[in-house]
Each structure stands twice: as structure tokens, then as C-alpha cells.
Amino acid sequence: MTLTDADDTFAERLAGAMPDGLMRRAEPRYLEEPRGRWRGASRWVALPRSVDEVAALVRSCGAQGVGIVPYGGGTGLVGGQVAPEGGPVPLVVSFERMAAIRSVHPEENVLVAESGAILAQVHEAAGAVARLFPLSLASEGTARIGGLLSTNAGGVNVLRYGNTRDQVLGIEAVLPDGTIFHGLKRLRKDNTGYDLRNLLIGAEGTLGLITAASLKLAARPAASGTALMTVAGPEAALDLLAMARDHLGEAVSAFELMSRTGFDFLAETIPELRQPWSEPPDWCVLIDLGLPRGLDPQEALERLFVEAMEAGLVSDGLVAQSDAQRESFWALREHIPEANKRVGAVASHDISLPLGTIADFVREAPGRLARLGAFRINCFGHLGDGNLHYNVFPQPGHTRSEHDDVRAEVSRAVHDLVAEHDGSFSAEHGVGRLKVGDLERYGDAGKLSAMRAIKAALDPRGIMNPGVMLRPAP
């Protein structure tokens, strides 16, 4: 089906059939994305207040052949929340008015939140009943639950708690024909056919609109500890990870790798952020522990450091002695993306690799890139779950625009090497519009065929986030 524009005539007709205040002219914030790669072409945004209003919107768009772009917090990094010029103009559907915490069940370790609830709001609601919702990322003050589920977001706690998908029991969603999927259950066992919950999580709005979710909560650690430990490189870091897990098991909440380039960028662009050393290490890891009552995380980290030092895995280390120092250690890791943005990357890559191949990849990649020019590389990320952010920058005194002619080749070189190591070109950011070509190049043929068949079956009109993940059918 050929899509049509969400023009003024359509918007006025829709506004007349829906409750007052539902439709609004699209402000610039609905048309922007963090990396500035695209600017949305939409003219109107709908702001529903209930799942019934979402269903009515979807039915109207389906009848008129109007595309829908779901909008959460706008923090996505692959363009899934904007539809640029060059095709039929879609309607933006924002979930900011559906932001309620519907219920909290501490005895079940479950919280039910609407799609527009901000992650920090969910953290606060969980904390109010002495529980933890473990999904944690830098954009927690703006990212909304619906977008996080739609992209199956990762973050720093995946090592212990899993991706977003692993933290969801049930969802409520509106399917492309306007049917409401009442899957908002709090069950941990429900073996009754196809798992639509997991089909819609990670689908980036291409198969339906998630309107609410039953989220798993966890016990809050009685004590937390953080350390920075200097290692010779990724191989030693991985050996240290194995040692930490042997000693502490699931108490290791996060294990983040950082490189000298990242610390140099922080000093260059955010000099007010204090670094805890006079000379930054070439490589270090940030380890975070969460322990039950009766165990001291500082003592555990100090014992780990001593044993790792004796094994030749670490050469220096700092164990946080207070909450303030712990926060200062985490501030280093959390500000690296902002420092990267200020420097200006030639190309950024969100990749995942089998843990056993990471050291080889890090050794081999600079040589591949050297064939294309002289670059700086900032390699950092969630080493514990194999997710690296491998970002390529111009040399000092040069700008990223000078490398526009090789940007695509840089990403191709990185992703080709990732594929050679049986990794993924998209670890936690999704496919969006940015990586549609990568999915076609590196995706399994059988999986792509199944995805297209599912899309055609559930969304034959092609109205759900057109152009995301899969090219529109001809």
C-alpha cells in the first residue's frame, strides 16, 4: 500500500474525531535526534492519554494509509524516532502523556509503568518500596520506558541483570490494525503460544506501539562498591573479569573498559571533571559490586586487587572509600560519550563480540583503519557483556568533516572485522534508519526473510515506523 501524508487535512479530520488537545503542531524537539544526522519531516504530533486513544489513532492512520513514528524520550542514536524528508510525511505519536506508574507490587517484585514513564521515575518508584529496577544508562533522566523496550536497550548493568528484554514480564501494546494486545501480565510462567511480548520488544515500533509494561524489580544491594584498576589491555581486563566472577559471582554488577583516549578527551573538553591520577593509564576497568548484608564491598575489591596484582593482571588501582568518590569514578565513564560528542567522531560503532575475540579485534582494528587514514580511536564500553563502543576520531588539529569521503569506508572496515569475529554491528542501540544497510549486508538471510514475512503479516499497510529496520516493501 502506498502511504499518504499526515497533512493538515488529515490532522484536522483526526482532531475532530478525537478528544480535544490530542493533536499538536510538531515542535522542533519532535524532529531532532541526538547526533544531528537527520531532521524529521513530520508536521503533526499526536499525544494520546490512554491505550484506547492510541488504538483509535492507529485505526485512523491505517484507514488513511498514514505512517506512524513513535516518539519516547528522543534519545535513540540510530534515527528510529525521526522520519526525514524524501517519503510520505508520517504522524508522530508521542507517549509523554502516558507516563503513569500504574501499580507497584513489592511482594511480587513487579512494577507496572506506562510507556511514557521516564526511567528515572521508575527508579524512584522502585526505590520507594526498597526495590531496584536495574536498567541503568546515562539518559535515564529523559529516556522513556516505551522507547527502551522498543530498542531492547542495554546499559551498564547487563552483566548482572540482562538487557531490557530480560526485565519485562508482560506488555500492553496496540497492533497495526488497532487491536489492543492485553499482555500486561505479572506472570513469570505463561506458556500459552507465541511470545508476542518478546516479538514486540526490540522491534523499534515496526510491529506495534508498546503502551505499558510489567517490569521486574530486584532486591537492592545492601552495600555497593566501586574500583578503578589499571590493566595492560583488553586481554588482561578479561582475565580480571574471570577472576572477579570466580570470587564474587553475580555480585559483579558492571565491568567497564576505558582507554587513555577517553581520558584525554575528558581533559580536553570537560576539564572541570576531576580525574584521579596525574597520568591517565592506557587501559583501565571500572568494577561495580552490589553485595548483600554482612559483606563489605571495599574489602572484597581490595582482596580482588591484591590477587590480581599477584597474578600480574593489574598494575595500579583505586577503591572508592565513600559514596562521593564512587560517584566521581562513575562520572568518568558516564561523561565519555559527551566528550566524544564535543571532539566530533568520524564514525561511531556500537558493536558486540564474543569475549574470547575482543582482544584480537582490538589489536587488528587499528591496522584496518590505517589503510584509510590517520585516526584516533576511543575504545570503551561494557566489557563484561562484550559490548564495545569503538569510535573513530580525526587527529588533533583536524575535523571530522575532512574525513567525510571515507566515513562509510571506516564503518565498513570496523563492521567487516566484527563480522569476521562472529560479532554484531549493533549491540544495544538498535538498527533504526542508520543501520538498515548493515542489517542487509551482515544479517542472516533466513532471519531477514522471517522478519519481512512477520512485518507483512502484522503490518500489511506498512504504517508502523516505515523505513526503520527494514526497507519499505515495493
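The values are calculated or read from the model by the stated rules, or taken from the named source; none is laboratory data. What you see is a predicted model; the values in this text were computed from it and never measured. All Cβ positions, glycine included, derive from the backbone under ideal geometry; neighbour counts span all protein chains shown. What goes into the accessible areas is simple: the full protein's heavy atoms, side chains included, and nothing from ligands, DNA or RNA. Shrake-Rupley method; radii C 1.70, N 1.55, O 1.52, S 1.80 Å.
Points worth noting:
- Of all the criteria given as (1) in contact (Cβ under 8 Å) with a residue 24 or more places away in the chain; (2) open to solvent by 30 Å² or more (accessible area, probe 1.4 Å); (3) not in a helix (DSSP H, G or I), the one not satisfied by GLU364 is (3).
- Within region 178-228, considering residues that are more than 30 Å from PHE255 (Cβ to Cβ) and among the small types (Gly, Ala, Ser), the one most open to solvent (accessible area, probe 1.4 Å): GLY193
- Scope region 411-433; condition among the hydrophobic types (A, V, I, L, M, F, W, C) and under 12 Å from the mean Cα position of the chain (by Cα); matching residues: ALA427, VAL431
- Scanning region 8-49 for residues that are assigned to a loop (DSSP other than H, G, I, E, B) and more than 32 Å from the chain's Cα centre (by Cα), we see that the one that is surrounded by the fewest Cβ atoms within 10 Å (Cβ to Cβ) is ASP20.
- Checking GLY147, GLY127 one by one, the residue that is touching a residue at least 24 places away in the same chain (Cβ under 8 Å) and within 21 Å of LEU196 (Cβ to Cβ) is GLY147 and no other.
- Conditions (1) polar (S, T, N, Q); (2) open to solvent by 20 Å² or more (accessible area, probe 1.4 Å); (3) touching a residue at least 12 places away in the same chain (Cβ under 8 Å); number of the one not met by ASN340: (2)
- Candidates ALA359, ALA324, ALA331 - the one that is in a helix (DSSP H, G or I) and closer than 15 Å to GLU256 by Cβ: ALA331
- Within region 431-458, residues that are touching a residue at least 12 places away in the same chain (Cβ under 8 Å) and assigned to a loop (DSSP other than H, G, I, E, B) have Cβ atoms under 9 Å from residues that are of a type in the set (D, E, K, R) and surrounded by fewer than 16 Cβ atoms within 10 Å (Cβ to Cβ) in these pairs: ARG433/ARG37; LEU434/ARG35; LEU434/ARG37, counting only partners at least 6 apart in sequence or on another chain.
- Annotation: of all residues in region 84-104 being open to solvent by 10 Å² or more (accessible area, probe 1.4 Å) and outside any loop (DSSP other than H, G, I, E, B), the one that is modelled with the lowest pLDDT is PRO84.
- Check on ARG326, within 30 Å of GLN298 (Cα to Cα) and in contact with a Ser or Thr (Cβ under 6 Å, 6 or more places away or on another chain): yes
- Region 415-431, subset aliphatic (A, V, I, L, M) and touching a strand residue (DSSP E or B) at 6+ places or on another chain (Cβ under 6 Å), residue nearest to ASN387 (Cα to Cα): ALA427
- For GLU108, the conditions (1) modelled with pLDDT of 95 or more; (2) open to solvent by 50 Å² or more (accessible area, probe 1.4 Å); (3) in contact with a helix residue (DSSP H, G or I) (Cβ under 9 Å, 6 or more places away or on another chain); (4) among the acidic types (Asp, Glu) all hold with the exception of (3).
- Filter result for GLY116 (crowded, with 21+ Cβ neighbours inside 10 Å and in contact (Cβ under 8 Å) with a residue 60 or more places away in the chain): no
- The residue that is farthest from ASN152 (Cα to Cα), counting only those in region 50-78 that are among the hydroxyl-bearing types (Ser, Thr, Tyr) and either surrounded by fewer than 21 Cβ atoms within 10 Å (Cβ to Cβ) or in contact with a Pro (Cβ under 6 Å, 6 or more places away or on another chain) (or both), is SER60.
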